[in-house]
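> To start, I am sharing the structure in question, which I have written as structure tokens.
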Amino acid sequence: MRLLKSRLFAPVNTMLITYQVPSNLNYFWNFGVLAGMALVIQLITGIALAMHYTPHIDLAFLSVDHIMRDLKYGWLLRYMHSNGASFFFIVVYLHIFRGLYYGSYVYPRQVAWSIGVAIYLCMMAVSFLGYVLPWGQMSFWGATVITNFFTVIPVYGRDIVDWIWGGFAITNATLNRFFSLHYFLSFVIVGLSALHLIVLHNHGPNNPLGTTSADNVPFYPYYYVKDMVGINLYLISYFFFIFFAPEVLGHSDNYIPANPMVTPPSIVPEWYFLPMYAILRSIPYKAPGVIAMGMAVISLVALPIVSQPPIRSGTFRPFYSIFFWIFVADCFILGWVGSNHVESPWIEVGQLATLYYFSFFFVLAPISAMIDKAFVRYVAMSNSR
């Protein structure tokens, strides 16, 4: 029994207790722990909700209403799950921005970065599938719009859409498939998260200086206290929304039962998809717009290839730091544009913001990396003299 316990808890001890981390990590390194906690909350509340949800087009909306009205603390479970998705994305976006600024995509952590992007893609799929499940107006029409994106695939696009729908229209088969995939992909995220953690621990975490740290301390007891500060702030914000503003992050049209005969005045995704939605709308043609939206995510995977700076941290890269903060503002602008109607001046603003978005990954980041390399060579030559 003692041997079994040692084998069982040895990985936990290695990865969460005696794990050596740089002594200069700041609170920006809390986001990984917060993302893990958000994932656990989503899994627990999601499994509890699945016990009372009915994946049928005639009963789905009523089953959600039953959870909210009749199930003891059902309203709490549902609000925790719906708002938890938004907070999960907030933490992940902050995690991505931190990785971009401090160069967490640079060798030897490019594999961990790519796995993180795969987690982000799965999150997008899971959140979209979950958004359809209440079977409200925005659920139905959102599913109609998003699934029709696959028609841009040459030759087989229409067949793929019919396969996703389970027929020639969005019907009960579609809802059943979405429910099954929503449940299944949630555990795919768990597996990818574990893999992300294992790969990251092979090389150790990055740090604010972007250098290999020789001054390391064990995670426990030094860093769990810092993580607890972040967890407390997260939970305070999270439960504030649950108890005082549970509907702010949702859409009012989704409290109307799905009606295929009535199109909502404006079909918009959840707030965390608005930047991608703005990129889609900035191109007036369907196929190029869908490709651009896909490239917006692929750009994250391509970044370790197109940009290999000798200095990781943005703190010591003045040109890159300027480009980065403009990029952060650009993402907010894209989200703002995506929430507005497709009309002037939002069309023009969205096009300019989209241009900067792709320029950051494929032009500005590589150029700043070349400037950094030239500067490093100049300093090395000066020192050699």
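> What's the number of the only condition in (1) in a helix (DSSP H, G or I); (2) surrounded by fewer than 20 Cβ atoms within 10 Å (Cβ to Cβ) that Ser368 fails to meet?
(2)
> Please determine, by comparing only the residues of the range 277-290 that are crowded, with 16+ Cβ neighbours inside 10 Å and of a type outside the set (D, E, K, R), which one is nearest to Ile333 (Cα to Cα).
Among those residues, the one meeting the criterion is Ala278.
> Within the range 175-209, restricting attention to residues that are over 23 Å from the mean Cα position of the chain (by Cα) and in contact (Cβ under 8 Å) with a residue 40 or more places away in the chain, which residue is surrounded by the most Cβ atoms within 10 Å (Cβ to Cβ)?
So the residue we want is Leu175.
> Just to be sure I understand, how many residues within the range 61-108 are more than 26 Å from Leu121 (Cα to Cα) and in a loop (DSSP other than H, G, I, E, B)?
Residues in the range 61-108 being more than 26 Å from Leu121 (Cα to Cα) and in a loop (DSSP other than H, G, I, E, B): 4 in total.
> Under 8 Å between Cβ atoms, at least 6 apart or on separate chains: pull out the pairs that start in the range 153-165 with a residue that is closer than 18 Å to Asn176 by Cβ and end on any residue that is acidic (Asp, Glu) and in a helix (DSSP H, G or I).
Correct list of pairs: empty, since none qualify.
> Next up: Need pairs with beta-carbon distance below 8 Å; first residue under 15 Å from Asp253 (Cα atoms) and assigned by TED's automatic domain parsing to the domain that holds Ile298 and within the range 122-144, second crowded, with 24+ Cβ neighbours inside 10 Å and among the basic types (Lys, Arg); sequence gap 6+ or separate chains.
none
> Under the condition of being assigned to a loop (DSSP other than H, G, I, E, B) and of a type in the set (Gly, Ala, Ser), which residue from the range 148-171 is surrounded by the most Cβ atoms within 10 Å (Cβ to Cβ)?
Gly166
> Ser82 passes all but one of (1) buried (at least 21 other Cβ atoms within 10 Å of the Cβ); (2) touching a helix residue (DSSP H, G or I) at 6+ places or on another chain (Cβ under 6 Å); (3) among the polar types (S, T, N, Q); which number fails?
The number of the failed condition is (2).
> Just checking, which of Leu352, Leu280, Leu300 is closer than 22 Å to Ala118 by Cβ and either free of Cβ contacts under 8 Å to residues at least 24 places away in the same chain or assigned to a loop (DSSP other than H, G, I, E, B) (or both)?
Step by step, each of Leu352, Leu280, Leu300 is checked, and only Leu280 is closer than 22 Å to Ala118 by Cβ and either free of Cβ contacts under 8 Å to residues at least 24 places away in the same chain or assigned to a loop (DSSP other than H, G, I, E, B) (or both).
The values are calculated or read from the model by the stated rules, or taken from the named source; none is laboratory data. Everything numeric in this text was worked out from a predicted model, so none of it was measured. FYI the Cβ positions are ideal-geometry reconstructions off the backbone, even for glycines, and counts take in every protein chain you see.
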